[in-house]
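Beneath this line is the structure, given in C-alpha cells, with notes to follow.
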Amino acid sequence: MRIIAGEARGTRLVSVPSGVRPTSDRVREAVFNALGQFFEGGEVLDLYAGTGALGIEALSRGFNGAKFVEKNGRAVRAVRENLERAGLSERGEVLRGDVEEVLERLLLEEQEFNLIFVDPPYKIAPKEIGGVLKRLAALLAPGGRVVVESGDPPPVQATESLKGESRRYGGTVVTFLERSEEHTMKLAICPGSFDPITVGHLDVIRRAASIYDHVVVAVGKNVKKGPKVSVEERARLIEKVTGPLENVSVEIIDGLLVEFARERGTRVVVKGLRAGSDFESEFQQAQLNRILYPEFETVFIMAAAEHSFLSSSAVREIASYGGDVRGLVPDEILDTVRHLYVNENGQAAASDRG
Ligand code: PNS
C-alpha cells in the first residue's frame, strides 16, 4: 500500500495489523477520483481508521487536518507510524476509542468535518452503522461528504439527513453521502441521434427537465444509422430549441453512453418511448448498458399521444422531397431543417426509425 497522490505520494504504508481489512489502493484511487483529486484545506475524520490510509491520502492531497478514530491498539500504532512516514504527523491526530463514544465527544465539542470516511469491519456494519451515520450529519460541514465503505449490499444507503449514491468496485461498495438538502445528484442524460430533433423529442426533454435538476441532451456522433447531418449541426438545432430551458444543456457524445454518464457523475438516462415499435431496441440498449455499468438506469417517458406517429426518419423523408414539416419540428428550426434535409436529386433520405 502506498499513498497515491499529493505531497506524500509514493510513501509506503506499514503493513496492516491482522484483523484489519485495508482499503485497496484501487478502491482508494476510485474514491478520490470520485471526490475530486486535490483539495484546498478542510478537515477529515477517518472512522475505523485501520492503517489510516484514507485519511493520510486526504492530507497528502491538500486537507489541513485529520482525526483518526481507532480502538485497536496495533492499528493505532500503525496510523501513527504511517503519518510519520508520510511526514504528516503534525496534521494528524489519532483518537483511540470506540467510534460511537468518540463521535459523542466530537459532537459536544461542536467540531465539523468536510470529509468523513466510515470503513467499519464488514461484520459490525449492519448493527452499528445506522447509529454512526445518524450522528454524522451534525458533524458534517456545509458541502461536506461522507464516504462509507462496505460489502455488497451496503447496510445503509441513506438516512433522513444524509442522501447519496453507491458505486461498486469489485466486491467493495462505496456510498457517497451528503446532507439531504444539498443532495443534487439529480442529473439526467437524454441521449439520441436527433437527426433532426422533433417536437416529440422536445416534449420528452421538457418533461425530463421538469423532473430532474439538470438535463444534458447528448447527441450521438457515430450513431448506427449513419446520420444525414453532422453532429455539430444536430447539436446546434437542439441548442436553438432548448435555449429557453435553463436547466438543459447540449453535449456531443463520441463514445459509450455509460462512460459519458459516469464522467458526469450520473447513472440515469431518460428516453422517450413511443408505441410498441421502440420497445425492442430500447430494451436491448438498456440491458446492455446495465452489463457495462450495473447501477445504470434507463427511465422512459411515454411519448405524448399526439406525437406517437412522429419520428426523425419521417421528418427526413418528408423534408427530402421538399415537403412541409411544420408542426413536426419546432418552428424556430423549420427553415434550417428544410434546407439541411432536402435532397437535391429528389430522392428520399434513408428511412429507418429515429
Ligand atoms: O436509438 P437512438 O435513440 O438514436 O440512440 C442513440 C444513442 C446515442 C442513444 C445510442 O446510439 C448510444 O447510446 N450511443 C452511444 C454508444 C453506446 O453506448 N452504445 C452502446 C449502447 S447499447
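The values are calculated or read from the model by the stated rules, or taken from the named source; none is laboratory data. Nothing here was measured: the structure is a model prediction, and the numbers come from that model. When we count neighbours, we look across all protein chains shown, and the Cβ atoms used for this are built from the backbone with ideal geometry, even at glycine. Only protein heavy atoms, including side chains, enter the accessible area calculation; ligands, DNA and RNA are left aside. Shrake-Rupley method; radii C 1.70, N 1.55, O 1.52, S 1.80 Å.
Taking θ as phi - 60° and the Karplus parameters 6.51, -1.76 and 1.60, the scalar couplings of the stretch 294-305 work out to x, 8, 5, 10, 9, 9, 9, 10, 5, 4, 4, 3 Hz in sequence order, x denoting glycine and proline. Near GLU233, once Lys and Arg are set to +1 and Asp and Glu to -1 for all other residues with Cβ below 13 Å from its Cβ, the sum equals +2.
Each label was represented as a point 7 Å from its Cα along the Cα-to-Cβ direction; for LEU292 and LYS186 these points are 2.7 nm apart. Computed over protein heavy atoms with a 1.4 Å probe, the carbon and sulfur contribution to the accessible area of the stretch 25-182 reaches 46%. For ILE301, the amide hydrogen comes within under 5 Å of the amide hydrogens of LYS271, GLY272, LEU273, counting only partners 5 or more places away or on other chains and with H modelled in the peptide plane.
Just PHE117, PHE300, PHE194 to compare: in a GNM of the chain, with alpha carbon springs under 10 Å, which one fluctuates most? Comparing PHE117, PHE300, PHE194 in a Gaussian network model of the chain, the most mobile one is PHE300.
Relative to the current alpha-carbon distance between GLU263 and VAL16, full extension at 0.36 nm per residue lengthens the span by 85.6 nm.
Note on the chain: dipole from Cβ charges, positive end direction compared against GLY226, LEU13, LEU202; the farthest Cα belongs to LEU13.
Once R0 is set to 41 Å, what does the formula 1/(1 + (r/R0)^6) return for the Cβ-Cβ distance between ARG236 and ARG9, expressed as a FRET efficiency to the nearest 0.05? Provide the component values of the computation, followed by the final result.
Details: r = 44 Å, r/R0 = 1.06.
Using R0 = 41 Å, I get an efficiency of 0.40.
Viscosity 1.306 mPa s, temperature 10 °C: Stokes-Einstein D of the stretch 106-176 from its Kirkwood Cα radius, in µm² per second?
128 µm²/s
You can think of it this way: the chain between GLU104 and VAL299 has 66.0 nm of extra reach, that is 0.36 nm per residue less the Cα-Cα gap. Amide H contacts of VAL329: VAL199, each under 5 Å away and 5 or more positions distant or on a separate chain (H built 1.01 Å from N in the peptide plane; Pro and chain starts excluded). With the cut-off at 1.5 for a/c, could you classify the stretch 25-182 from its C-alpha gyration tensor as rounded, prolate or oblate? In terms of gyration-tensor shape, rounded.
When Lys and Arg each count +1 and Asp and Glu each count -1, what net charge do the other residues less than 9 Å away from LYS67, Cβ to Cβ, add up to? Could the numbers behind the result be given before it?
Details: positive: none; negative: GLU43, ASP46, GLU93.
Computed value for this residue: -3.
For a test of the definition: using alpha carbon positions, the gyration tensor, and the 1.5 limit on a/c, classify the stretch 194-308 as rounded, prolate or oblate. Note, shape of the stretch 194-308 comes out rounded.
Placing R0 at 22 angstrom, the Cβ-Cβ distance between ARG206 and PHE309 gives a FRET efficiency of 0.70 after rounding to 0.05. Between PHE283, PHE63, PHE260, the Gaussian network model of the chain with springs among Cα atoms under 10 angstrom shows the greatest mean-square fluctuation at PHE283. For the chain, the solvent-accessible area works out to 47 Å² per residue, with a probe of 1.4 Å and every protein chain left in place. Against the main long axis of the alpha-carbon atoms of the chain, helix 199-211 sits at an angle near 20°. What does the helix-only formula give at 222 nm for the chain: each DSSP H stretch with n ≥ 4 adding -39500 (n - 2.57), the total divided by the residues, and the result rounded to the nearest 500 deg cm²/dmol? Helix-only estimate at 222 nm: -10000 deg cm²/dmol. Remark: spin-label model distance GLN111-GLN37 equals 3.1 nm, labels positioned 7 Å along the Cα→Cβ axis. Calculated from the alpha-carbon coordinates, the chain shows an Rg and a Dmax of 25.7, 83 Å respectively.
Amide H to amide H, with H built 1.01 Å from N, VAL250 comes under 5 Å of VAL217, counting only residues 5 or more places away or on other chains.
Annotation for the stretch 135-204: trypsin sites (Lys or Arg not before Pro) lying in DSSP loop with at most 16 further Cβ atoms inside 10 Å of their Cβ are LYS186.
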